[in-house]
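So the structure is just underneath, and the comments pick up after that.
The values are calculated or read from the model by the stated rules, or taken from the named source; none is laboratory data. Treat the numbers as computed from the prediction; the structure is a model and nothing was measured. In this analysis, Cβ positions are derived from the backbone assuming ideal geometry, glycine residues included, and neighbour counts consider all displayed protein chains.
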Amino acid sequence: MSANLPSFFQLYQRLISIPSVSCLDPSWDTSNKPVIDQLAEWLESLGFSVEVKALLTSPGKYNLLARYQPHNERQGGLLLSGHTDTVPWDEGRWQFDPFKLTEKDNRWYGLGSADMKGFFAFVIEALKSVDINALKKPLTILATADEETTMAGARELNAFTAFKPDFAVIGEPTSMAPIKMHKGHLTNAVKVIGKSGHSSNPAAGVNAIDIIHEVIGELKTLRQHLQQRYQQPSFEVPYPTMNFGHIHGGDAANRICACCELHIDLRPLPGMDLAEFSGLIQQQLGGIQQRYPGAIEIIDMHPPIPGFACPDQSPWLQLAEALSGETAAAVNYCTEAPFVQQLGCDTIVMGPGSIAQAHQPNEFITLAEIDPAQQQIRELIRRVCE
């Protein structure tokens, strides 16, 4: 059903042309509403019922849910999901206009061409040749906001009328190879408050840098324990990771440091309880907290992201493997998959473009991968919904 829609290139071009940057810096952040409105127009013309919801936690940001429900059936079928936002761009490193789809050297360049506004162009193009009136199971399209920052859109899926697909595919760039699991993500700040004083008399104060040194020692012990206790061989790095990414404290060599802060990045394996994971940190630092009452504060820097895994025995995962000709893999980066999976459906990550292009200047998708990806998406819709 073409519904007189633009060509595939024009679909792609239009989506790239609409800024939809998600950034914690307000000077960069933009609303995704124009992208949502454009998708709503196209999907309604294809016969989908469209629901748009403003996010409660992110002003100016919106989710879209488009459904085709044979016989008003809300359960089962296929969910194709993606995010409408992009990261900011470094103007000095781009050779092309980030918001103008540019063809050169058998590539299409543009911000979001791979990660991942282009996915929606693939979906719309696939639907042109699918008779949705022949579908026997529901087909649902989900477009979210703020994946690149807080994942606020994916966290607010319960705002929509209840639905439960059989199978969900997150269209992040994987070169159309299925991803069956990824790790979670937590970022914590460990803030230590000491007591300042003149450096000539160390006993007159409490040096926060000395305490943070003890903190790091305890966390390194915990890190080694986690590596030995938890293993998942599907991952390139098969254990939970803990990275000390940022530390700052003090202001002068001749002062006792009164405050020091350490930022740590934690990547738990799928299935690990995030509250338990945080509890292990509290427990490991318990001895230091007893010696320095009230001196240590552990702060969650953003809401945690769980890991996710799709069971190997899932028939839908096996279908994705058969369609792609690839064995499902595990990756270390995060997606919206764990939140979509909470709908109660088998979930994978699989979409056009290469993850190597994500968040890169001169982001692109190659022309050679377009036709095979379109064919795979069309066949996926038919195999699940017809």
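Which residues, taken from the stretch 208-255, are charged (D, E, K, R) and over 22 Å from the mean Cα position of the chain (by Cα)?
Those that are charged (D, E, K, R) and over 22 Å from the mean Cα position of the chain (by Cα): Asp210, Glu214, Glu218, Lys220, Arg223, Arg229, Asp251, Arg255.
Only one of Glu147, Glu125 is touching a His at 6+ places or on another chain (Cβ under 6 Å) and modelled with pLDDT of 95 or more. Can you tell me which?
Matching residue, one of Glu147, Glu125: Glu147.
Please state which one of Gly112, Gly76 is more than 19 Å from the chain's Cα centre (by Cα), touching a residue at least 24 places away in the same chain (Cβ under 8 Å) and crowded, with 16+ Cβ neighbours inside 10 Å.
Gly76
Residue under question is Leu5, and the condition is that it be within 20 Å of Gln374 (Cα to Cα) and buried (at least 16 other Cβ atoms within 10 Å of the Cβ); does it hold?
On the way: within 20 Å of Gln374 (Cα to Cα): yes; buried (at least 16 other Cβ atoms within 10 Å of the Cβ): yes.
So Leu5 fits the description; yes.
Quickly run through the stretch 18-53 and pick out the residues that are touching a helix residue (DSSP H, G or I) at 6+ places or on another chain (Cβ under 6 Å) and part of a loop (DSSP other than H, G, I, E, B).
If the condition is that a residue be touching a helix residue (DSSP H, G or I) at 6+ places or on another chain (Cβ under 6 Å) and part of a loop (DSSP other than H, G, I, E, B), then Ile18, Ser20, Leu46, Gly47 are the ones that fit.
Can you go through Ala66, Ala54 and tell me which one is surrounded by 14 or more Cβ atoms within 10 Å (Cβ to Cβ), without any contact (Cβ under 8 Å) to a residue 12 or more places away in the chain and of a type in the set (A, V, I, L, M, F, W, C)?
The match here is Ala54.
Please indicate, with yes or no, whether at least one residue in the stretch 359-373 is of a type in the set (S, T, N, Q) and over 24 Å from Met181 (Cα atoms). Working first, answer last.
To start, the set of residues in the stretch 359-373 that are of a type in the set (S, T, N, Q) comprises 360, 362, 366.
When the remaining residues are screened for being over 24 Å from Met181 (Cα atoms), the result is 362, 366.
Taking every residue of the stretch 359-373 in turn, at least one turns out to be of a type in the set (S, T, N, Q) and over 24 Å from Met181 (Cα atoms).
Quick one: which of Gly287, Gly307 is more than 30 Å from Val87 (Cα to Cα), among the small types (Gly, Ala, Ser) and in contact (Cβ under 8 Å) with a residue 24 or more places away in the chain?
Result: Gly287 is the single residue among Gly287, Gly307 that is more than 30 Å from Val87 (Cα to Cα), among the small types (Gly, Ala, Ser) and in contact (Cβ under 8 Å) with a residue 24 or more places away in the chain.
Does Glu297 satisfy the condition of being at pLDDT 95 or above and in a strand (DSSP E or B)?
yes
Considering only residues that are under 19 Å from the mean Cα position of the chain (by Cα) and among the aliphatic types (A, V, I, L, M), look in the stretch 32-53 and name the one that is nearest to Gln13 (Cα to Cα).
Out of the qualifying residues, it is Val35.
Quickly run through the stretch 54-87 and pick out the residues that are of a type outside the set (A, V, I, L, M, F, W, C) and either over 18 Å from Ala168 (Cβ atoms) or assigned to a helix (DSSP H, G or I) (or both). Outline the logic, then answer.
At the first step, the residues of the stretch 54-87 found to be of a type outside the set (A, V, I, L, M, F, W, C) are 57-63, 67-77, 81-86.
The answer is Thr57, Ser58, Pro59, Gly60, Lys61, Tyr62, Pro70, His71, Asn72, Asp85, Thr86.
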